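Where a number appears in this text, it was derived from the coordinates with a stated rule and is not lab data. Here the structure is a predicted model, which is why all the values come from computation and not from measurement. Here the Cβ positions follow ideal geometry from the backbone for every residue, glycine too, while neighbour counts run over all protein chains shown.
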Amino acid sequence: MRVLDSRMLRPGAIADAVAAYVQRGGTVIFPTDTVYGIGCDPVIPAAVDRVFALKGRPRNKPLSLHFGSVEELLEYAPGNVAAASLAQNFLPGALTLIVRRPAHLAAGVSAGLASIGLRVPKHELCRVILDRCGPLAATSANLSGAQAYTGEGFASDLPAADVFVDDGPTPLGAESTIVDVSTERPRLVREGAISVAKLEEVVGMVERTSARIAPDTGSER
């Protein structure tokens, strides 16, 4: 696994190196505002399969998409008023929005579900990488069932991705809040760094119960 240390390399150089791997179907471990993620190009099925395999992630648990900008994220949720309102108020930030999976996105990324989680991390280096690579399909960078990696602890315990971007400890080290906006009324899947009360100031009442399987947003095991 090649290590790219942000203390030694400029963000642009790191993003160019990551893109070279991702465009060839490689996998990358990268920092976000919450925890580190492991991701790949979502349109390369073999790369998506490898992310699942490297982590040992069950194939019924979806990945999510990480974007470099709110505008790009909203292209995946056209006409979704709740998604637009929440994105414009809380993103970039520790919020994941579950929307209907666009028809052009391979079902393997979302584990066959009709929905997909979307994020715009509030992390400068991460967004430089995402701007260069395009969206990454990702999950948290740890072996399935292990503690999520926040930049502290042993990097040797991480899955064997092609490249690892080391940026030290993540700013939050906590989970993102997940809200399902794929149905008529927003529904809380998991409360994290952003409180339900803050969400309700923007979209009104948010349902507290859900039977939906949450995507791994870079914050889950």
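Most exposed first by the Cβ proxy, i.e. fewest other Cβ within 10 Å, how do E152, E184, E124, E175 rank?
Working: E152 10, E184 7, E124 15, E175 20.
Listed from fewest to most nearby Cβ atoms, that is E184, E152, E124, E175.
Step through the residues of segment 172-182 one at a time and calculate ³J(HN,Hα) from phi using the Karplus curve (6.51 cos²θ - 1.76 cosθ + 1.60, θ = phi - 60°), rounding each to whole Hz and writing x for Gly and Pro.
9, x, 9, 6, 7, 7, 10, 10, 8, 10, 7
Residues with amide H under 5 Å of V120's amide H, sequence separation 5 or more or different chain, H placed in the peptide plane at 1.01 Å from N; which?
Counting only residues 5 or more places away or on other chains, the set is F67, G93, L95.
For a quick check: with amide H placed at 1.01 Å from N, whose amide H comes under 5 Å from L143's, ignoring anything fewer than 5 positions away on the same chain?
Close amide H contacts, sequence-distant or interchain: none at all.
From the list [x] 46, 31, 31; [y] 51, 34, 32; [z] 57, 37, 33, can you say which value of Cα extents along the principal axes in Å was derived from the structure given?
Derived directly from the coordinates: [x].
Determine the distance separating the Cα centre of segment 136-150 from the Cα centre of segment 1-74; give it in Å without decimals.
11
Pull up all non-local amide H partners of L136: gap of 5 or more, or a different chain, and H-to-H distance under 5 Å with H placed in the peptide plane.
H66
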